[in-house]
Amino acid sequence: MALKQLMLTKKIEQRKSALNELLEKENELQTRSAELEKAIEEAQTEEEVSTVEEEVEKLEAEQKELSEKKSKLEGEIAELEGELEQLNSKVPVNQQRKNEKGEVEGMNRLQVRELLRTGEYYRRSDVIEFYEKFKNLRAVTGGELTIPEVVVNRIMDIMGDYTTLYPLVDKIRVKGTTRILVDTDTSPATWIEQSGALPTSDVGTIASIDFDGFKVGKVTFVDNYLLQDSIINLDEYVTKKIARAIAKALDLAIVKGTGAANKQPAGIIPNLPVENQVTIEADNNLLKNLVKQIGLIDTGEDSVGEIVAVMKRSTYYNRLVEFSIQVDSTGNVVGKLPNLRTPDLLGLRVVFNNFLDEDTVLFGDFQQYTLVERENITIDSSTHVKFTEDQTAFRGKGRFDGKPVKPEAFVLVTITDPVQGA
């Protein structure tokens, strides 16, 4: 990597680290805010009310300062990542693609987020032009409208509001069918004489994995009066509808997709090795037996990324949350209470996903699942389905594929009730 890229990467890492510190501080301020709410209710005397009021003013000042720092850091990160993206594609920043109106094209998702923050997004000619065409699309028989890249990046960015697995997996944006190479050999190098030859078995075992582009789509209905409203309202409605539909489809595909035979991505669970599918009983040793299965992933033979535990909310509440609550003989809490906003399992991050079956936990390094995104998302329309309700049907379509490139990086644990009388 060139020195410029190294410097940009370092700056991005520093700012992301600073942003994480601010997020931790934000959590602390939220805790203080909850404590102050309780203090306000309990305040009786004028002196107590005055003291609480001073604390509220201090808290509000800190929250405002924190918000400004966060906004500044996010803007800097977006700018640096955009610059790095251009350098990595060997396009100098001062030579970025521009459309006929002089606007920069090829913006990444963080840059689009910054455009939204400043309001510049809704003033861009390509956004205005797209939604003007969108309003008139229902008048075009058989018409199909390609969504511009800046709007696609907005859709893909807000998908995180509706999906839990999409942010975890490795994502690649490509054109057409693609192939990636994966080195599956994890054996150590061989020590030899200075003039000796390396054995060919140590070169590495390269496996090629092909990715297609299967179509996923969703029909959404828009009231015709909304089509005459501002592009802000229309953008909020349409992008969120498309993002939510695609997000749910992708989450399901990542977990349970049945693969090319059914024209969809290959999911993790259908491709798990038999030895990585385990059943345990919900007895007194449940927690111990559950976390022991992580050893099937983290064997010590090779480095792994962050291991995450994915499960339904009900599985966490019914089976596991009690292990985070420690009480004494009188019922008083003496240990750490579970953080239901950011749940964990003995320090492992817990992610909720409704596509997991009840009483199952999927442990895994989700960077070992690759999701391929095609460049274009399109929209077409029909005025016939809900004509009497004065609504127009719009169909958003995208193309994706995905596969677990290393299925053994995941393990599925099923929890069953103990056998009666055993």
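Here is a yes/no grid of residues against (1) more than 28 Å from the chain's Cα centre (by Cα); (2) closer than 23 Å to Glu114 by Cα; (3) not assigned by TED's automatic domain parsing to the domain that holds Val150:
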{"residue": "Leu29", "(1), (2), (3)": "no, no, yes"}
{"residue": "Ala39", "(1), (2), (3)": "yes, no, yes"}
{"residue": "Ser50", "(1), (2), (3)": "yes, no, yes"}
{"residue": "Glu55", "(1), (2), (3)": "yes, no, yes"}
{"residue": "Glu76", "(1), (2), (3)": "no, yes, yes"}
For the stretch 124-136, pairs from a residue that is surrounded by 15 or more Cβ atoms within 10 Å (Cβ to Cβ) to a residue that is of a type in the set (Asp, Glu) and part of a helix (DSSP H, G or I), with Cβ under 7 Å and 6 or more apart or across chains, are Tyr131/Asp235
For Leu348, work out the one condition from (1) under 18 Å from the mean Cα position of the chain (by Cα); (2) at pLDDT 90 or above it doesn't fulfil. (2)
So, first residue in a strand (DSSP E or B) in the stretch 360-380, second residue modelled with pLDDT under 70 and surrounded by 21 or more Cβ atoms within 10 Å (Cβ to Cβ), Cβ within less than 6 Å, six or more apart or across chains; the pairs are Val372/Phe211; Ile379/Phe394; Ile379/Gly396
If you check Gly196, Gly204, Gly217, which single one turns out to be farther than 30 Å from Phe352 by Cα, modelled with pLDDT of 60 or more and among the small types (Gly, Ala, Ser)? Gly196
Residue list for the stretch 123-143, restricted to those being outside any helix (DSSP H, G or I) and at pLDDT 70 or above: Arg124
Filtering the stretch 279-321 for residues that are in a strand (DSSP E or B) and either in contact with a Cys (Cβ under 8 Å, 6 or more places away or on another chain) or touching a residue at least 60 places away in the same chain (Cβ under 8 Å) (or both) leaves a count of 5
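The values are calculated or read from the model by the stated rules, or taken from the named source; none is laboratory data. Treat the numbers as computed from the prediction; the structure is a model and nothing was measured. Counting neighbours? That spans all protein chains shown, and the Cβs are built from the backbone with ideal geometry, glycine included.
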